[in-house]
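Right, one structure below, let's go through it.
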Amino acid sequence: VKSWADAFSGELYSIVTKYSGSLLLQKKYKDVEPTLKIKEVDGLELVKKFSEQMESMLRRKVEAVERLVEAAEDADLNHEYNSSLEFDYYNSFLINEKDENDNYVELGDEFILEPNEHFNNLLVNTTYSDIQLPTNVYNKDPDILNGVYMSEALNPIFVDNFERDPTLTWQYFGSSTGFFRLYPGIKWLPDENGVISFDCRNRGWYIQAATSPKDIVIIVDVSGSMKGLRMTIAKHTIITILDTLGENDFVNIIAYNDYVHFIEPCFKGILVQADRDNREHFKQLVDELQAKGVGTVNKALTESFKILREFRDAGQGGLCNQAIMLITDGAVEDYEAVFEKYNWPDRKVRVFTYLIGREVTFAPNVKWIACNNKGYYTQISTLADVQENVMEYLHVLSRPMVINHDHDIIWTEAYMDSALFASQAQSLLLMTTVAMPVFSKKNETRSHGILLGVVGSDVPLRELLKLAPRYKLGVHGYAFLNTNNGYILSHPDLRPLYKEGKKLKPKPNYNSVDLSEVEWEDQDEILRTAMINGETGYLSMDVKVPVDKGKRVLFLTNDYFFTDISGTPFSLGVVLSRGHGEYILLGNTSVEEGLHDLLQPDLSLANEWIYCITDIDPDHRKLSQLEAVIRFLTGEEPDLECDEELVQEVLFDAVVTAPMEAYWTTLALNMSMETEAGVEMAFLGTRAGLMRSALYVGSEKISNR
C-alpha cells in the first residue's frame, strides 16, 4: 500500500505541476521581486478611515432627511386647514386605472412609470411621489386631503435630494393620519385578498422616531367578567401594544384576578428588553390567558409602580418614559391611595387605561385613573377599534419631544426592504432606515404637541460595505457592522434567508442575530462589549473558518480592529487574518505594458468588485468592470472614477502572469489524447481579482460545465 500511495502521489504531483504551470508562475514572481514594495497594513488606521467614510456617507442621508423635515414643517405652518378641500392626488393603488368608459378613475390619473436600475429595475417615476393608504382609511377624508395637499411641498425636495446624492434610495413621509408619501412613485399592488394592509404607522422606523425609549408594564384584568369577546379584544390589545415596542424599550405583563401573577414567572419583579424573542414569548403566553375569579386592581398597580421605581432608581431600563397600560372592563374599588403613595405629586409614571366592551357604567372611574396620571383613556368595544386606539398612546408619549422640538435622528436595525414592497418581490436587500419626526410649529397648537408624521430614507447596507472593500483586507479578510444592542447589521456569516420550496424567505429573527452567535469564539464577550460601548481597539483570536459553503474548515488567527461610526448607533469591525491579510504587494508597471496584457482573450476580473464606479452614471452601467478599467486606462472615458491602487495591482498581475498563456497553449498543442486524457482546464487567480484560464479539450468535452 505504501508503494502504491507513493507512486500515486508522485504521479498526481507531476501532472498537476506540469499542466497548471505553478513552477513557472513562482519563477515569474521571483524575477520581479527586486522591484516590489511590500507594505504592512495598519488595521486600526484602516478601520478608522473606513469609519470616517461611512460616517460622511450616512451624514449625507441625515442631511437629506433634515431638508425634508424642514420643508414639511414649513408647509404645515403655511397651510390653513380646510374641511371642504377638493384635491386630486396620485393614489398609488389607483394610478393608471381606467373605468369602463376608458376614462381614468378618480385619484387615478396617468402616472408614467419606467424601470430604473438604481431601484432594482422596479417601475418608478423619479419626478413625482405618490400616496399609499391602507384599506381601512378613507381616501377622501378631509384630514387626509389636507395632509396630502400640504405635503405636496416635499416633491421638489425629494427630487433635489436625489440629484445631490445619487446613492439615495427610497425617501418617504409617513403621516400620523395614515397616508404614506413615497418617492419615487410606484404602483402599489394589493395582497391576494385585495387588501392593502401596509400602514406606515405600525412600522418600526415610524414608532421609533415618534417616541423615545420607554419602560412599560401592561396590567390585564382576567377576572370572570372578562370572559368571551372581551378577553379576545384584551388579548388583541396587548399584542398590538407589544408590536409598538422595540429593542430600546423594556416591558412586562401582569394578569390579575384575586391575586397578581406575572404571566412569565421567570420575569417576576423585573422588566425585560422588548426584543423580538421576548415579544414573541409574551404573545404566546397572552394567548393562553383565561378569565376567572374576581378582579382586584390595587395589588397589580402597587406591584407595577414598585418595579418601575426600582428600575428608575437603579438607572436601568430605557431611562426615559415610564408607563402603565391598564386593560380592564371596569374598576370599582378605591385606588386613589395607591397613586397617592407611588405616583403623586410628581407623576413620573403615566397611566393609560383601555376600557374593554360596550359597558359605560365604569367609564368615569377608568377615565379618572388616566386623567389624574398624565395618561389617556380610550374605550375599545370591537376588534376593529384596537389599532387606532392603541396608537393614541404614542402621541401622548411623544408630546414632550414635540413641545421641546427635539428632532432625534433614529437609525433602525437591519431589515429586508421586501416588507415595504411586498407587492413586488424585490431582490431582498438588507436596509437600515434613518428617520426623523415632523412636528407642528403652529403657535396656537404648540402646547398640544402635535406630531404630523415621520420622514425617512432607506440606506442599503451593501452601499455602506462598498466603502470597506474586500481587496484591501486580503484573503479571508472581511468587514462587519453591528448596532449598540449587539445585533448584526451586516456580516459575511449572516444568512438571513431560507428556502421554502423554490422561494427564498427571511428567517423570523434575521434582524436580531447577536454578534456572539456569529463570532462565537469571543467566549468572554470582550469584542461584543467593546463594540456595543462604541470603543476603538484591537483584539486577536484563534478562529475556525468554514469555506466552500461549509465543506471545509480552516484554522486561522484573526486580528479584529473596531471603532464606532460617530453620529450613529453602529460600530464597524474589520478582520485581517495573519499570514494573508497583513501585507500588500505594490509593483510598478507602466500602463502600456499592462494594457497589452490586459487585452488578452482569456482574462477576466472579479465583476462584483468595484475597480471603477459604474452604477451612478447611466452611460457607464452597461460596462463590465474589465471594460471600464480598460477605458479608464486608455483615457476613452475621462469621467470614470476608478480605484487607482487596485488598478495598479491588476496591471502588475497581468504582466507577471502573461507568460502563462503561452505555456498553456504550447502544452495544449502537444497533448496526445491517449496518454493524458482527463486534464481539462488550467486557471489561476490573483489577489487583485484577476483570473486567467485555458482549455486543454474542446469546450463540448468539459465534464463539469
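The values are calculated or read from the model by the stated rules, or taken from the named source; none is laboratory data. Bear in mind the structure is a predicted one, so any value in this text is a computation, not a measurement. Quick reminder, even Gly has a Cβ in these numbers, built from the backbone with ideal geometry, and neighbours come from all protein chains shown. Protein only, heavy atoms only, side chains kept; ligands, DNA and RNA dropped before computing areas. Shrake-Rupley method; radii C 1.70, N 1.55, O 1.52, S 1.80 Å.
With E661, E641 as the choices, which residue is among the acidic types (D, E), at pLDDT below 90 and open to solvent by 20 Å² or more (accessible area, probe 1.4 Å)? None of the others qualify; the one that does is E641.
Looking across F262, F267, one residue alone is among the aromatic types (F, W, Y) and touching a residue at least 12 places away in the same chain (Cβ under 8 Å). It is F267. Listed by position, the helices (runs of 4 or more DSSP H) contained in region 104-217 that have at least 2 residues being under 30 Å from F250 (Cα atoms) are 204-210. Among the conditions (1) under 29 Å from K472 (Cβ atoms); (2) at pLDDT 90 or above, D76 misses just one, which is (1). Taking the conditions exactly as written (closer than 25 Å to N389 by Cβ and under 34 Å from the mean Cα position of the chain (by Cα)), does A274 satisfy them or not? Judged against the criteria, A274 is a match.
The residue of region 342-373 that is least open to solvent (accessible area, probe 1.4 Å), among those that are outside any strand (DSSP E or B) and among the aromatic types (F, W, Y), is Y342.
Any residue in region 221-240 that is part of a strand (DSSP E or B), open to solvent by less than 10 Å² (accessible area, probe 1.4 Å), more than 30 Å from L107 (Cβ to Cβ) and not assigned by the TED database to the domain that holds D329? Checked region 221-240: at least one residue is part of a strand (DSSP E or B), open to solvent by less than 10 Å² (accessible area, probe 1.4 Å), more than 30 Å from L107 (Cβ to Cβ) and not assigned by the TED database to the domain that holds D329. Filter region 120-168 down to the residues that are touching a helix residue (DSSP H, G or I) at 6+ places or on another chain (Cβ under 7 Å) and charged (D, E, K, R) and list them by number. Once the filter is applied, which keeps residues that are touching a helix residue (DSSP H, G or I) at 6+ places or on another chain (Cβ under 7 Å) and charged (D, E, K, R), region 120-168 yields only D165.
Across region 294-341, the number of residues qualifying as open to solvent by less than 40 Å² (accessible area, probe 1.4 Å) and on the phi > 0 side of the Ramachandran plot comes to 2. Quickly run through region 13-28 and pick out the residues that are surrounded by 13 or more Cβ atoms within 10 Å (Cβ to Cβ) and either of a type in the set (D, E, K, R) or closer than 20 Å to D653 by Cβ (or both). Matches in region 13-28: K18, S20, G21, S22, L24, L25, K28. Against the numbered list (1) in contact (Cβ under 8 Å) with a residue 24 or more places away in the chain; (2) among the hydrophobic types (A, V, I, L, M, F, W, C); (3) open to solvent by less than 30 Å² (accessible area, probe 1.4 Å), A628 comes up short only at (1).
Sort out which residues of region 461-475 are under 25 Å from V434 (Cβ atoms) and in a loop (DSSP other than H, G, I, E, B), and write them in order of number. Matches in region 461-475: K466, L467, A468, P469. Inspection of region 476-498 finds a residue satisfying the criterion of being open to solvent by less than 60 Å² (accessible area, probe 1.4 Å), in a loop (DSSP other than H, G, I, E, B), touching a residue at least 12 places away in the same chain (Cβ under 8 Å) and of a type in the set (A, V, I, L, M). Among the residues of region 54-70, are any under 30 Å from F570 (Cα atoms), touching a residue at least 12 places away in the same chain (Cβ under 8 Å) and part of a loop (DSSP other than H, G, I, E, B)? No, region 54-70 contains no residue that is under 30 Å from F570 (Cα atoms), touching a residue at least 12 places away in the same chain (Cβ under 8 Å) and part of a loop (DSSP other than H, G, I, E, B). Of all residues in region 432-445, those satisfying the criterion of being modelled with pLDDT of 85 or more and not in a loop (DSSP other than H, G, I, E, B) are T432, T433, V434, A435, M436, P437, V438, F439. Look at S566 and say whether it is outside any loop (DSSP other than H, G, I, E, B), of a type in the set (S, T, Y), touching a helix residue (DSSP H, G or I) at 6+ places or on another chain (Cβ under 9 Å) and in contact (Cβ under 8 Å) with a residue 40 or more places away in the chain. No. Only residues that are touching a residue at least 12 places away in the same chain (Cβ under 8 Å) and open to solvent by less than 70 Å² (accessible area, probe 1.4 Å) were counted across region 547-559, and they come to 5. The helices (runs of 4 or more DSSP H) falling completely within region 571-682 that include 2 or more residues that are closer than 19 Å to Y29 by Cβ map to 591-598, 644-669.
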